[in-house]
1. For region 211-226, what does the Karplus curve 6.51 cos²θ - 1.76 cosθ + 1.60, with θ = phi - 60°, yield as ³J(HN,Hα) per residue in whole Hz, taken in order and with x for Gly and Pro?
2. Quick one: how many lysine pairs does the chain have with C-alpha atoms less than 20 Å apart and a gap of 8 or more or different chains? Give me the count, please.
3. If you find the alpha carbon centre of region 120-159 and of region 22-85, how far apart are they in angstrom?
4. Give me the percent of the accessible area of the chain that comes from carbon and sulfur atoms, probe 1.4 Å, all protein chains in place.
5. Enumerate by residue number the trypsin sites (Lys or Arg not before Pro) in region 61-165 meeting two conditions: DSSP loop (anything except H, G, I, E, B), and at most 15 other Cβ atoms within 10 Å of the site's Cβ.
6. Taking 8 Å as the Cα distance limit and 6 or more residues as the minimum spacing, I'd like the relative contact order of region 150-225 as a percentage.
7. With r as the distance between the Cβ atoms of residue 163 and residue 122 and R0 = 22 Å, compute the FRET efficiency 1/(1 + (r/R0)^6) and round to 0.05.
8. What accessible area per residue comes out for the chain, rounded to a whole number of Å², with a 1.4 Å probe?
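The values are calculated or read from the model by the stated rules, or taken from the named source; none is laboratory data. Since the model is a prediction, treat every value here as computed from it, not as a measurement. Cβ placement follows ideal geometry from the backbone for every residue including glycine, while neighbour counts extend to all protein chains displayed. Ligands, DNA and RNA are excluded from the accessible area calculation, which covers all protein heavy atoms including side chains. Shrake-Rupley method; radii C 1.70, N 1.55, O 1.52, S 1.80 Å.
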Amino acid sequence: MTNPVKIPAFLAHLPLFCEMSPDEIERIARGARELGLARGEVLFQRGDPCTGFYVVMHGRVKLALTSPQGIEKVVELIGPGQSFGEAVMFMDKPYPVYAQALTDSMVLHIGKQVIVGGIDSDPNFCRKMLAGLSIRLHRLIQTVESISLRSPAQRVIDLLLQELDGTKEGLDVHVSLSANKNVIASNLNITPETFSRILRNLSDAGLIAVEGKDVCIRDVARLRSYDE
């Protein structure tokens, strides 16, 4: 659990606030509160009013929709340092998805009033917020591009490479899948069966070894250049 006195330092390293001055960061921190979530706990439901936005401090949260037939579609998986809910906050709309903790997690809720107050009092604050929101939009565009233009196998490889945590190349690099296969498959817009088949194919090709949620990438460079 992150100690409250560290909230300003945490905020200062987020893309959304990285251009803010120390005074601005301190003011935002005063309007923030930590929320602990147990695995499986729902943070908000679709249709709930939006009172601010959230940043994951540790753990992982999924944003998802459920169809009238009960089929879940995972929209996004949010990890440490990533934020969600900003656009809904500015639009004065209820949440269009629900948010649920995939693991024991800690999130930071940043109240709408502290953000709106900063925008009203300082035009530069608005510019800095827009810069941060642009970074998040770019990330979402990359996700849409991956789903739309890349094959299922390429999407799975991209997922594994994203979990490298700064490692660019190497042999026998271990990563851990961020969620169970049903959640990951939904987020990649493929079926769980397709996801499992792709992992088997990559394993048969000698590129990875899989044991539960743990994946050993035998050769990062080979996986990166793999052409199915």
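1. Couplings: 9, x, 8, 8, 10, 9, 7, 5, 8, 4, 5, 5, 5, 5, 9, 4 Hz.
2. 8
3. A separation of 16 Å, based on Cα centres.
4. It is 53 percent, rounded to a whole number.
5. 150
6. Worked out over region 150-225, it gives 39 percent.
7. 0.05
8. I get 53 Å² per residue for the chain.
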